[in-house]
Ligand SMILES: [Zn+2]
Ligand SMILES: [Zn+2]
């Protein structure tokens, strides 16, 4: 069993049990080329929490990627997308970027990338260095 990096930030959800697929459909998070889906529960929990805190619609550009799709997308060989630990959320502008990054940091998303410009990469991959923003 993998364990997440220790997180001493705020507890991200204390409300009643959620319908966890209310905010994302499996299809949205599945591989764009073959429809396979692997999503790590600790990451998914954080993604849902991030969406709730942000309070804006999340459009998933990329969720799970199989090996072939990751290669075609030019993703790194150790991409967290291939292991169900990452999702890219499209942003409409700078305010969306701020809202999503702010929410992500508050719910234990441990790696955030905004270099893509038009999307925010969110990950909680325990294999990688945590608390990184690039
Ligand atoms: Zn695929
Ligand atoms: Zn990504």
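The values are calculated or read from the model by the stated rules, or taken from the named source; none is laboratory data. Every value quoted in this text rests on a predicted model; they were computed, and no experiment measured them. Cβ sites come from the backbone with ideal geometry, for glycine too, and all protein chains shown count toward neighbours.
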When the range 116-132 is examined, which residues are found to be at pLDDT 95 or above and farther than 19 Å from residue 39 by Cα?
118, 119
Hey, among 74, 93, 63, which residue is loosely packed, with under 11 Cβ neighbours inside 10 Å, under 18 Å from residue 118 (Cβ atoms) and within 16 Å of ligand 1 (Cβ to nearest atom)?
74
May I ask you to verify whether residue 30 is more than 11 Å from the chain's Cα centre (by Cα), surrounded by 13 or more Cβ atoms within 10 Å (Cβ to Cβ) and modelled with pLDDT of 95 or more?
no
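Please tell me if residue 69 is in contact (Cβ under 8 Å) with a residue 24 or more places away in the chain, crowded, with 16+ Cβ neighbours inside 10 Å, in a helix (DSSP H, G or I) and within 16 Å of ligand 1 (Cβ to nearest atom).
On the way: in contact (Cβ under 8 Å) with a residue 24 or more places away in the chain: yes; crowded, with 16+ Cβ neighbours inside 10 Å: yes; in a helix (DSSP H, G or I): yes; within 16 Å of ligand 1 (Cβ to nearest atom): yes.
Criteria met by residue 69.
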Is there a residue in the range 100-112 that is over 12 Å from the mean Cα position of the chain (by Cα), surrounded by 21 or more Cβ atoms within 10 Å (Cβ to Cβ) and not in a strand (DSSP E or B)?
no
Within the range 73-90, is even one residue assigned to a loop (DSSP other than H, G, I, E, B), touching a residue at least 24 places away in the same chain (Cβ under 8 Å), within 11 Å of ligand 2 (Cβ to nearest atom) and more than 9 Å from the chain's Cα centre (by Cα)?
no
Before we move on, is residue 64 within 13 Å of ligand 2 (Cβ to nearest atom), part of a helix (DSSP H, G or I), within 18 Å of residue 21 (Cβ to Cβ) and under 13 Å from the mean Cα position of the chain (by Cα)?
no
